[in-house]
Amino acid sequence: MPVFKTPFNGYSVKFSPFYEHRLAVATSQNFGILGNGRLHVLDLSPSPSPQPISQLTSFDTADGVYDLAWSESHDSLLVAAVADGSVKLYDLALPPTSNPIRSLHEHSREVQSADYNPVRRDSFLTSSWDDTVKLWTTDRPASVRTFKEHAYCVYSAVWNPRHADVFASASGDCTLRVWDVREPGSTMIIAAHESEILSCDWNKYDDCSIATASVDKSIKVWDVRNFRVPVSVLNGHGYAVRKVKFSPHRRSLMVSCSYDMTVCLWDYMVEDALVGRYDHHTEFAVGVDMSVLVEGLLASTGWDELVYVWQHGTDPRAP
C-alpha cells in the first residue's frame, strides 16, 4: 500500500473530491509547537509501480499547517489552517511563486480546522484556539461573520451535508454547538462530554446525526432532535480521540484516529461496533479520511511523519 514520508509531522489528510488519485496533507515542524509548515499535494499511481505515491507539489509556510480543506467548486483550490492564525488559499493551477493566492489574517490564535461548504460550494469555515469560528467566501478579503460563544479553543467546525446554512462546532469547553448562519446565536448546545471535544462530523446520510470525539477516549453519536442521551457511545481507543469521520458511502460506518496511535473503523448500529483496528503508526495518529470517490479507501497521517493510503481490510504497511 502507498506510503509517503513527510519532512514534518503530519496533522491532517484529505482526499480530493474531484480526483480519486489525489490527496493533500497538512504538516508541522517540531510537532506543531514551533517552526515551519508544509502543505503537500500527493498523487497515487493508477497501477502498481515502484513509486505508488508521488508529490505533485508542496507549499511552505512560516508556521505549522494544522488542517486543510479542498474546494468543492474548483478542483485546484485548497484552504490551509495555519498556526500563526492565518488562513491561506492555494491554487494548484498556478506556479508556486503565485501562491498563496490569498492570506487571511483575522484569527488571533492558531487555526485548528477548515471545512468547505458541500452544499453552497462558495464558502468555508475555520475554527481557532481564539474560541471562534469564522465564515468566509472565496471572493471576499474579510470574513463574512464570526461566531463567538465557546469558552475555549474550537477544535472543529463542520458543515451539515444537506443544509447549506447549518454547521456544528466542537470545543475544549466540552460542548458541541449547532449553528444556523441566518440566526444570531447557536441554535443548540450539547454538553456532549466531560472532557475536551477534539472533533465532530455529520452523518452523510442522516442530517440529524452527528458524532463527537473526545479526550475522554470515547466517540458519541447524537441525534440533534433528541440529544439528552447519545444514540451510541463507542469505547475502544486507549487515549484521546483526535478525529472522527463518517463514511461517505455507508450510513453507519465511521473512522477515527487517536493518540493511542491507532486508526479504528466503527459501525455504530451494531453491538460489536469496532469493526477494524489499524496500528500502523508509531506516533500519535492525528489525521484520517475516507475517499468519497473510491469506497473503502482510507488515508491517515501522524506525528511519525508518514502518510498511509490503503483499502479497508488490507494491511496499510503491506508493500
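In whole percent, what relative contact order does the stretch 208-319 give with Cα contacts below 8 Å and a gap of six or more residues? Relative contact order for the stretch 208-319 comes out at 16 percent.
Here the simple spin-label model places points 7 Å from the Cα toward Cβ, and for D75 and T282 these points are separated by 3.8 nm.
Ordered from largest to smallest accessible area (heavy atoms of protein chains, 1.4 Å probe), the residues M188, M254, M1 come out as M1, M188, M254.
The 3J(HN,Hα) values that the Karplus relation (6.51, -1.76, 1.60; θ = phi - 60°) gives for the stretch 104-116 are, in residue order, 9, 10, 10, 5, 8, 9, 3, 8, 9, 9, 9, 8, 8 Hz. Gly and Pro appear as x. A cut-off under 13 angstrom between Cβ atoms defines the neighbours of G276, and their net charge, with Lys, Arg +1 and Asp, Glu -1, is -2.
In the context of the full protein assembly, I101 retains an accessible surface of approximately 80 Å², using a probe radius of 1.4 Å and ignoring ligands and nucleic acids. Model label points for E295 and V119, set 7 angstrom from Cα along the Cα-to-Cβ axis, are 2.6 nm apart.
Against the criterion of solvent-accessible heavy-atom surface with a 1.4 angstrom probe, D279, D216, D130 sort, most first, into D279, D216, D130. Near Y152: Cβ cut-off under 15 Å, other residues only, Lys/Arg at +1 and Asp/Glu at -1. The net charge is -4.
The calculated Kirkwood hydrodynamic radius for the stretch 70-126 is 11.7 Å, given to one decimal from all distinct C-alpha pairs. With only the Cα atoms considered, the stretch 181-319 has a convex hull volume of 125 Å³ per residue.
For the pair Q51 and R140, label points projected 7 Å from Cα toward Cβ lie 4.3 nm apart.
Highest GNM mean-square fluctuation among S71, S186, S127, for the chain modelled with Cα contacts below 10 Å: S186.
The solvent-accessible area of W159, taken with every protein chain present and a 1.4 Å probe, is close to 10 Å². If you take the Cα centroid of the stretch 148-181 and the Cα centroid of the stretch 17-90, the two points sit 24 Å apart.
Here the contact order of the chain, divided by its residue count and restricted to Cα pairs under 8 Å and six or more residues apart, works out to 14 percent.
What the Cβ-Cβ distance of E20 and A151 gives, at R0 = 41 Å and to the nearest 0.05, is a FRET efficiency of 0.50.
Grouping the Cα pair distances of the chain into 10 Å bins from zero gives a pair-distance distribution of 6, 29, 39, 22, 4, 0 percent in increasing distance order. Dividing the C-alpha radius of gyration of the stretch 43-146 by 2.2 N^0.38 Å, with N its residue count, gives 1.14. For the chain, a Gaussian network of Cα nodes joined below 10 Å ranks E72, E295, E271 by mean-square fluctuation, and the top entry is E271.
What is the gain in length, in nm to one decimal, between N30 and N235 on full extension, counting 0.36 nm per residue of separation less the C-alpha to C-alpha distance?
So the extension gain works out to 70.8 nm.
Counted residue by residue at 0.36 nm each, then reduced by the alpha carbon distance between them, the extension gain from V3 to E194 reaches 65.1 nm. Result for the chain in a Gaussian network model with C-alpha springs under 10 Å: among T301, T282, T27, the largest mean-square fluctuation is at T282.
The values are calculated or read from the model by the stated rules, or taken from the named source; none is laboratory data. Because the structure is a prediction, the values reported are computed rather than measured. Glycine also receives a Cβ, built like all others from the backbone with ideal geometry; neighbour counts cover every protein chain displayed. When the accessible area is computed, the model is the full protein with side chains, heavy atoms only, and any ligands, DNA or RNA have been set aside. Shrake-Rupley method; radii C 1.70, N 1.55, O 1.52, S 1.80 Å.
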